[in-house]
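Reading through the structure tokens given below for one structure.
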Amino acid sequence: MYLDNSATTQVSEEVFEEMLPYFKEEFGNPSTLYSIGRESKKALELARKRVADAINAKPEEIFFTGGGSESDNLAVKGIAFKLAKKGKHIITTEIEHPAIKETLYFLESLDFKVTYLPVYENGIIKIEDLKEAITDETILITVMHANNEIGTLQPIEEIGKIAREKGIKFHTDAVQSFGKVEVDVEKLNVDLLSLSSHKINGPKGVGALYIRKGTRVVPLIHGGGQEKGIRAGTENVPGIVGFGKACELAAAQLDEHYDKLSAIRDELIDKVLTTIPEAYLNGDAENRLPNLVNFRFKAIEGESLILLLDAKGYQASTGSACSSNKLEASPVLTALGLDPVDVHGSLRISLAPESDAFDVDAFVETIAESVQRLRQMSPLWNQELDYDNIMCKKHSDTCKRC
Ligand SMILES: *Cc1c(COP(=O)(O)O)cnc(C)c1O
């Protein structure tokens, strides 16, 4: 049972079929004038329309890239370099994906100033903090729509309104939210928005940056003028075709998937919190993605739990794939203000819409057994307390601890 869909997803059958001809028969370069090139160009433009339609944008506002990380880099560096003469201040949050965070660290080395807004225990920024952070020098606000580790949603519409009032460009990384909740560039009031194909059952190595008409960015890759000079290099036609199809499917199935996933998610949260002692939900209980939950269990190592679950056939993770092989405390969980010891006891579960056969009871039972086993070996677990009889936070009426 694959439960790490926030890390990546499987290419769907329909997407795969759509891509196939563009590897062999339809191999033309879209920039050429003869018929096979024109076929590739047509396929590219259909994909552009599908991506645009899925986020309520215009096709000419979609720029294909090599993935979510590149889209984030293009948005942030592209605006920073374009507007550096106007000001060198950027506002973001403490919990951005490394593709944003590392880009900002790089810009700091070039004398840009960055404000990192705190997210508090629920994982969400406060609008008041944002208002206070804005200065005459602020050129860009970049705040992710949904967090990839805890699944919380930020108040993007409201941030966008403020940015627009102040004449500041606003970018959001919608890689995790797209296909899970509504992503509409008009409603969200964004100027730039990043997407990635492989998080929505499309192929890896493809993404897009939405750039609102009238917003200008400096390109990262210079060359043959593809993507209107914003991203040079012969286009990854099969990848883009697959991404376009994945966008079309994601948009068409959004409501159905939302209902299905959020029902499983709620059942999972309820069962974990009620059956496992000292289990907690990380991030806000309400403003969250339908497919992602992140728990923490006292006195265990998340990595050990992942291995025990894997041995029972469940693939989940402790947090983001990017930080899990570094074995450092998750910066996202740390930003929630959690005890540094507790940060290590986390488990991220991200569901796929095809998780129909997912037996929540059996899974929660497996987690419970694994957690108990690890606690028996843990020096952090207080053996003298009768934890079996301590209920969770939710059941405060029967809870001996509360
Ligand atoms: C996965 C992810 C990215 C990076 O996308 P890639 O296509 O893997 O480069 C960026 N931001 C968020 C929030 C992500 O989850």
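Figures for the structure shown
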quantity: Options I95, I62, I55; residue that is more than 22 Å from F243 (Cα to Cα) and crowded, with 22+ Cβ neighbours inside 10 Å; calculated: I95
quantity: Candidates L193, L104 - the one that is under 24 Å from G67 (Cα atoms), without any contact (Cβ under 8 Å) to a residue 40 or more places away in the chain and either within 14 Å of the chain's Cα centre (by Cα) or within 15 Å of the ligand (Cβ to nearest atom) (or both); calculated: L104
quantity: Meets criteria (over 25 Å from A263 (Cβ atoms) and touching a residue at least 12 places away in the same chain (Cβ under 8 Å)) for D136; calculated: yes
quantity: Residues of segment 120-158 satisfying the condition of being at positive phi and of a type in the set (S, T, Y); calculated: Y120
quantity: Residue in segment 246-256 that is among the acidic types (D, E), under 19 Å from L74 (Cα atoms) and in contact (Cβ under 8 Å) with a residue 12 or more places away in the chain present; calculated: no
quantity: Contacts under 6 angstrom Cβ, first residue in segment 61-90 being assigned by TED's automatic domain parsing to the domain that holds V185, partner part of a loop (DSSP other than H, G, I, E, B) and within 12 Å of the ligand (Cβ to nearest atom), 6 or more apart; calculated: G66/G205; G67/G205; G68/V175
quantity: Condition check for I306: outside the structural domain of A54 (by TED's automatic domain parsing), over 27 Å from T92 (Cα atoms), touching a Ser or Thr at 6+ places or on another chain (Cβ under 7 Å) and at pLDDT below 95; calculated: no
quantity: Helices (runs of 4 or more DSSP H) fully within segment 253-342 counting 3 or more residues that are at negative phi and among the charged types (D, E, K, R); calculated: 254-275
quantity: Residue among G205, G225 that is within 16 Å of the ligand (Cβ to nearest atom) and part of a loop (DSSP other than H, G, I, E, B); calculated: G205
quantity: Cβ-Cβ under 6 Å pairs, at least 6 apart or on other chains, segment 366-379 side under 11 Å from E301 (Cα atoms), far side aromatic (F, W, Y) and not in a helix (DSSP H, G or I); calculated: V371/F297; R375/W381
quantity: Given (1) surrounded by fewer than 18 Cβ atoms within 10 Å (Cβ to Cβ); (2) over 28 Å from N122 (Cα atoms); (3) within 14 Å of the ligand (Cβ to nearest atom), index of the condition E70 fails; calculated: (1)
quantity: Among residues of segment 160-190, those that are within 16 Å of the ligand (Cβ to nearest atom) and not in a loop (DSSP other than H, G, I, E, B), counted; calculated: 5
quantity: Residue within segment 75-88 that is surrounded by fewer than 16 Cβ atoms within 10 Å (Cβ to Cβ) and either hydroxyl-bearing (S, T, Y) or within 16 Å of the ligand (Cβ to nearest atom) (or both) present; calculated: no
quantity: In segment 13-40, residue nearest to V190 (Cα to Cα) [restricted to those that are of a type in the set (D, E) and outside any helix (DSSP H, G or I)]; calculated: E26
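The values are calculated or read from the model by the stated rules, or taken from the named source; none is laboratory data. It should be emphasised that the depicted structure is a prediction, and the values quoted were computed from it without experimental measurement. Note that each Cβ is placed from the backbone with ideal geometry, even for glycine, and that neighbours are counted across all protein chains shown.
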